[in-house]
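Asks: Mind having a look at this structure? Questions to follow.
The values are calculated or read from the model by the stated rules, or taken from the named source; none is laboratory data. What you are looking at is a predicted structure, and each value in this text was computed from that prediction instead of being measured. Cβ sites come from the backbone with ideal geometry, for glycine too, and all protein chains shown count toward neighbours.
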Amino acid sequence: MRFCNRTEMLLRKISPAVFWLFVTVALSPGTLRAQSPADSPEGPQLHAKSKQEADDYRSARAAGSGAALEQAARAFAAHYPKSELRELLFVRAMRQYQRENNSAEMLAMGEMALTLNPNDSLALVLTATAVADSLSPGDPNRERKLAEIKKNAGHAVAILETGSTANASAGGQAALYKETLLSMAFAALGMMRLKSGDYAQAEKDLKAAADMTKIRPDAYVWYHLALAQDHRKRYPAALNSVEQALQLASSNPDLQKMAEAEHDRLNRLTGRGKESPESGGAQPPR
């Protein structure tokens, strides 16, 4: 089966403007307050306990590369072991590694953030996605990874579905952020189930992900939804899904190539007239 790596596409999924809406910093004399990116605008804000801590936080978050941000985050956490701002620095390093397409380090920084805040929905979603991407048939850690994806993505869904909605001052951006993360969580669950052979549940999860991104549709989700439907011999539905993917995949040549191959296959299957799609020994892509 030809899968497209999800982690490399995530930067396009959450725009910087939407993401940093949740990391707005407000300064008052001697105090820095920063809202966790995992929280809605009504969520708790994080505080520096001194001007020195605030200054050191600003200095740490100014680091450029993922490696530099990681080093700065670890140094800050060591110097301020009880600081509420440690999580934000590890999340920032996670996001930078994401931009650099460094899945392993992105996962490591996400796990660090989750040790500080197990309810960080962004870290939950990105770690679940990275682990789902890494799943392979012969993976010796397969069962552990399946459990981690279920735990992290499932917890993210529970948090996001029960969380508060955006307030008026945030406009629709908070709602878009939550919708985006929910879609990514369901996509991670769908990928896990697709790779595990649970095609019915994979289709359900991926359809949920697709339905949540109608304003900003996602070629990745539509392509893998087509694969799940193909496996279930729901060829007309799969053809519709892969056509949606093709309309959206022009900026990703690898995904577009895979979607074109799947489209050709489904066209052959659905173009047989009265001949049964099951005849001829056709199999979904592997």
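Asks: Report yes if some residue within the stretch 43-54 is assigned by TED's automatic domain parsing to the domain that holds M192, free of Cβ contacts under 8 Å to residues at least 40 places away in the same chain, in a helix (DSSP H, G or I) and crowded, with 17+ Cβ neighbours inside 10 Å; otherwise report no. Reasoning before the result, please.
Replies: Narrowing the stretch 43-54 to residues assigned by TED's automatic domain parsing to the domain that holds M192: 43-54.
Checking which are free of Cβ contacts under 8 Å to residues at least 40 places away in the same chain leaves us with 44-45, 47-54.
This time we only want the ones that are in a helix (DSSP H, G or I), so: 51-54.
Retained after the next criterion (residues that are crowded, with 17+ Cβ neighbours inside 10 Å): 53-54.
Checking the stretch 43-54: at least one residue is assigned by TED's automatic domain parsing to the domain that holds M192, free of Cβ contacts under 8 Å to residues at least 40 places away in the same chain, in a helix (DSSP H, G or I) and crowded, with 17+ Cβ neighbours inside 10 Å.
Asks: What is the residue count in the stretch 219-232 for residues that are at pLDDT 95 or above and out of contact with any Gly (no Cβ under 9 Å at 6 or more places or on another chain)?
Replies: Summing the residues that are at pLDDT 95 or above and out of contact with any Gly (no Cβ under 9 Å at 6 or more places or on another chain) in the stretch 219-232 gives 7.
Asks: Right, something else. I need a count of the residues in the stretch 108-135 that are small (G, A, S) and either within 15 Å of R92 (Cα to Cα) or out of contact with any helix residue (DSSP H, G or I) (no Cβ under 8 Å at 6 or more places or on another chain) (or both). Give the derivation first.
Replies: Looking only at the stretch 108-135, we keep the residues that are small (G, A, S), and these are 108, 110, 113, 121, 123, 128, 130, 132, 134.
From the residues that got through so far, the ones that are either within 15 Å of R92 (Cα to Cα) or out of contact with any helix residue (DSSP H, G or I) (no Cβ under 8 Å at 6 or more places or on another chain) (or both) too are 108, 110, 113, 121, 123.
Of the residues in the stretch 108-135, 5 are small (G, A, S) and either within 15 Å of R92 (Cα to Cα) or out of contact with any helix residue (DSSP H, G or I) (no Cβ under 8 Å at 6 or more places or on another chain) (or both).
Asks: While we're here: Taking F90 as the residue in question, decide whether it is under 22 Å from Y177 (Cα atoms), buried (at least 17 other Cβ atoms within 10 Å of the Cβ), at pLDDT 95 or above and among the aromatic types (F, W, Y).
Replies: In short, yes.
Asks: Give A249, A174, A200 a once-over and let me know the one that is in contact (Cβ under 8 Å) with a residue 60 or more places away in the chain and either outside the structural domain of G271 (by TED's automatic domain parsing) or of a type outside the set (S, T, N, Q) (or both). Step through it out loud before you land on a result.
Replies: Working: A249 fails: in contact (Cβ under 8 Å) with a residue 60 or more places away in the chain; A200 fails: in contact (Cβ under 8 Å) with a residue 60 or more places away in the chain.
Among A249, A174, A200, only A174 is in contact (Cβ under 8 Å) with a residue 60 or more places away in the chain and either outside the structural domain of G271 (by TED's automatic domain parsing) or of a type outside the set (S, T, N, Q) (or both).
Asks: What about A104, is it in the same structural domain as K151 (by TED's automatic domain parsing) and at pLDDT 95 or above? Full working, then the answer.
Replies: On the way: in the same structural domain as K151 (by TED's automatic domain parsing): yes; at pLDDT 95 or above: no.
No.
Asks: Whether any residue in the stretch 132-151 is touching a Ser or Thr at 6+ places or on another chain (Cβ under 8 Å), crowded, with 24+ Cβ neighbours inside 10 Å and either farther than 16 Å from A73 by Cβ or not aliphatic (A, V, I, L, M) (or both) is what I want to check.
Replies: Checking the stretch 132-151: not a single residue is touching a Ser or Thr at 6+ places or on another chain (Cβ under 8 Å), crowded, with 24+ Cβ neighbours inside 10 Å and either farther than 16 Å from A73 by Cβ or not aliphatic (A, V, I, L, M) (or both).
Asks: Could you say which residue among P118, P140 is free of Cβ contacts under 8 Å to residues at least 60 places away in the same chain and closer than 24 Å to H155 by Cα? Outline the logic, then answer.
Replies: On the way: P140 fails: closer than 24 Å to H155 by Cα.
Of P118, P140, the one residue that is free of Cβ contacts under 8 Å to residues at least 60 places away in the same chain and closer than 24 Å to H155 by Cα is P118.
Asks: Going residue by residue through the stretch 225-233, is there one that turns out to be among the polar types (S, T, N, Q), within 23 Å of L107 (Cα to Cα) and over 14 Å from the mean Cα position of the chain (by Cα)? Spell out the reasoning first.
Replies: Narrowing the stretch 225-233 to residues among the polar types (S, T, N, Q): 229.
Next, only the ones that are within 23 Å of L107 (Cα to Cα) stay: none.
For the stretch 225-233, residues among the polar types (S, T, N, Q), within 23 Å of L107 (Cα to Cα) and over 14 Å from the mean Cα position of the chain (by Cα): absent.
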